[in-house]
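Okay, structure first, notes after.
The values are calculated or read from the model by the stated rules, or taken from the named source; none is laboratory data. Quick caveat, the model's predicted, so the values are computed rather than measured. Reconstructed Cβ throughout: ideal geometry from the backbone, glycine too, with neighbour counts over all protein chains shown. Remember, those area values only see protein heavy atoms, side chains included, never the ligands or the DNA or RNA. Shrake-Rupley method; radii C 1.70, N 1.55, O 1.52, S 1.80 Å.
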Amino acid sequence: MPPKTDPEVGCEIPEPGKWPVDPQEDIPIAEDRLWIDGCFDFFHHGHAGLMLQSRRLGSELLVGLHSDEEIRANKGPTVMSLKERVAAVEACRFSTKCVPDAPYVTSLPWISHYGCQYVTHGDDITSDASGNDCYRFVKKAGRMKIVPRTPGISTTDLVGRMLLCTKDHFIHSLTNMLRGREGAGNENERVERGQRMADRISAYASAADGRSDGVQVYSFKGKHRSIERRASRGQAFSPEGRRPDSGRGSFVPMVHGVGPRSGQRIVYVDGGFDLFSSGHIAFLRTVTSAEEDLGRARGWYNEEARSKRTQDHGEDFPPAFVVAGIHDDEVVNYHKGLNYPIMNVFERGLCVVQCRYIHQVVFGAPYVPTEAYLASLPAVMDAPTASSQARLPDAVYHGPTANISAMSSPDPYADAKAHGIFFETPSHDFQDVNAAQIVRRILNRREEYEERQRKKGVKGAGEGALRRKEMEAEAEQIRLRKLQDVEAQYGA
């Protein structure tokens, strides 16, 4: 018997047992269950913004993901595989279910099967290979809700930065940017832009419902100017050695959110989180899994323990409170070179803030998390079990550090290791996926992406790609020279 097809879209309607994810039988349609779909290629805060706005319209949000083959046929090549894109969508705190292999043209039988009354999308137009609106049948049925598109970011923008090697997206000081002291335009324009950015950070920090308090957000300003900041200002480096109070500074609250609660272990992770990808997500998921295993061993998931937490706090919560430190643009650029980071600190921060595995974010985290810095983390100071004596996070996690040892001297995590709180996560399926590897994917298939960029009106992509290869060779020499400065500041 031939498979059923949607008479409007022409796609297959799976039989029970063949739908990409459960449920396999049709479920009742609910007004507060919404559907969005798309490519969601190397996930950025524009995608998260769409999910946030959509989630606010209901209590459940299903996210359909198009296959690599459908995207190529209708739009062009993807940068990330379907498996990698699924990982990104599932990590978004505002999504409740990911449905892979969803039709490129939205199909009413598909959304009805999953019990969704409405489809949401940004106010931009998405067309199929024939130039027709992908949502024409949903709109005709009166089951479409439009939300504003997140301005200033798109996959096309990011690919353009890679191919053109631009740096004009960098932010020197996020604090100054939010206060209207940095950026283009007159004072009023800068202030308005800064307020919109601050509002967006606060919105992305909300809980899974898109409204309640969620992630705490802080900014950190070190007591001493870092080697990376001095270098960005063209100041000569003085090999005075490591200061005894290195890592001390002030933490300024940006979003209050929900702090650590009784019994939670305090966990610290840090990085650039550039092009927030499946590699970062798998690492954070691995950290969460490790802490869940420790929680099981100490009885965290026993029914009695669950009931007590719910009674005392009104809800249950995980065994670990995960803090993510995000490096400034100048720190990432100092250590990575070229025009890294491809996403600026604001864009990278939003990606981390929206991630379901994170509970607190620190903008401006130092490259070297010293004992003084770790002891002064707000999560450590505010933890219910904190005493008057200085204490540290219960754990500092990072991925396999062989690459760090080769790139950095001395070891940035020396203090955490000396205190026995450093833990290296095991390898995972996306171990090699990072910003540099994603850029390499683009360059290796340059002609296809240049054609995609030309269709979007981005000029000079070909010349930029060639320039990037030249810059990569120069960056290696610069990196070696910088290692000597780092050794002088922190000791060999």
Fully extended contour minus Cα-Cα distance, from R261 to A141, at 0.36 nm per residue: 38.5 nm
Within the stretch 258-362, trypsin sites (Lys or Arg not before Pro) in DSSP loop having at most 14 other beta-carbon neighbours inside 10 Å: R298
Label-point separation, A418 to M381 (7 Å along Cα→Cβ), nm: 2.2
Solvent-accessible area, 1.4 Å probe, carbon plus sulfur percent, for the stretch 83-163: 49
Highest-first arrangement of 146-154, 159-167, where packing means the average Cβ count within 10 Å: 159-167, 146-154
Relative contact order, percent, the stretch 1-52 [alpha-carbon distance under 8 Å, six or more residues apart]: 17
Chain lengthening between E60 and S250 when straightened (0.36 nm per residue, less Cα-Cα): 64.5 nm
Extension gain (nm, one decimal) between E292 and D411, 0.36 nm per residue minus Cα-Cα: 40.1 nm
Kirkwood hydrodynamic radius of the stretch 1-126, from inverse mean 1/r over distinct Cα pairs, in Å: 14.8
Net +/- balance of residues flanking Y114 in space, Cβ distance below 12 Å, scoring K and R +1, D and E -1: -3
S154 versus S307: modelled label distance in nm, points set 7 Å from Cα along the beta carbon direction: 5.6
Amide hydrogen neighbours beyond the local backbone of Q117, cut-off 5 Å, H modeled: A30, R33
10 Å binning of all Cα-Cα separations within the stretch 99-221, expressed as whole percents from 0 upward: 10, 26, 31, 22, 11, 0
Loop-located GluC sites (Glu not before Pro) in the stretch 303-357 whose Cβ has at most 13 other Cβ within 10 Å (DSSP): E315
Cβ-derived FRET efficiency at R0 56 Å, A436 paired with I27, nearest 0.05: 0.80
